[in-house]
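The structure appears right after this line, and notes come after that.
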Amino acid sequence: MKAIYLASILFFSFHFNVFASSQKNITFLIAEREYNTKETLPKFTKQHLSKNFSIKFCNAPNEGEKRNQLSNSSAIREADLLFISVRRRAFKEETMELIRLHILKGKPIIGIRTASHAFQLRKEKLPIGHQEWPEWDREIIGGNYHGHYGKELICTVQLGINSRHHPILEKIKLPFITPASLYRNSPLPEVSNALLVGSVKGFSPEPVAWVHRTKFKGKVFYTSLGHEEDFQKESFQILLKNAVNWCMN
């Protein structure tokens, strides 16, 4: 009887370990203070991603001398997907090199909200041994960020032209409202395909979600959505889940 019991334990232990090792890894880089993604993203992953993927987080403080130092950066090496929520940081050269290596390997990237201007400082002096990436938005994100409209303007999110059948949009209910200020990203580079557009009163629509591929053939999904209240909306939750699945497949 003991032999059967032991064999059962070994059997389930083996298959659990095989399953765990076969799970793909998502590494989150979180370093922004505008939208509280250090809280919203872990909660989102626990509810929607942790059963199917191995999740790791790399964070940087929002204030002080260490705001450009990313913790747990070695987790970037293991990532099958990098999920980026960073605003105007310049990480250490070795950390930036890990991000570049991920992209050189043709691995996918997801960016939300401030990820379009993730690695470009504004007034802060570049620390010694750290690195910016001014071309990140156009080269990797496939965007054209140049500011945003006023925060008091209500933004309505709708379907982009010729994007109805993209798998990232499956089961998303449109239109929906976001409190996030509308980013100016028009015109997008030709390599990018807008999936969703946002509209505010008095201005032309702007792309708020798009896909493209890097020159190394890696999939990229970016959305300028990502306000704390967006994470409470089912349509936004489905958008991110679909984007993860699209990148991983």
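Would you check if there is a residue in segment 229-239 being of a type in the set (A, V, I, L, M) and in a helix (DSSP H, G or I)?
Checking segment 229-239: at least one residue is of a type in the set (A, V, I, L, M) and in a helix (DSSP H, G or I).
Under 7 Å between Cβ atoms, at least 6 apart or on separate chains: pull out the pairs that start in segment 219-236 with a residue that is more than 15 Å from Leu169 (Cα to Cα) and at pLDDT 95 or above and end on any residue that is among the small types (Gly, Ala, Ser) and in a strand (DSSP E or B).
From segment 219-236, the pairs are Gly226/Ser85.
Within segment 176-194, can you find the residues that are crowded, with 24+ Cβ neighbours inside 10 Å and outside any loop (DSSP other than H, G, I, E, B)?
Tyr183 - this is the single residue of segment 176-194 that is crowded, with 24+ Cβ neighbours inside 10 Å and outside any loop (DSSP other than H, G, I, E, B).
Residue by residue through segment 101-155, note down the ones that are surrounded by 23 or more Cβ atoms within 10 Å (Cβ to Cβ), part of a loop (DSSP other than H, G, I, E, B) and touching a Lys or Arg at 6+ places or on another chain (Cβ under 6 Å).
Correct list: Pro108 only.
Assigned to a loop (DSSP other than H, G, I, E, B) and among the aromatic types (Phe, Trp, Tyr), is that true of Phe216?
Yes.
The values are calculated or read from the model by the stated rules, or taken from the named source; none is laboratory data. Note that the structure is a prediction, hence the values are computed from the model and not measured. Here Cβ is always computed from backbone atoms with ideal geometry, including for glycine, and neighbour counts include all displayed protein chains.
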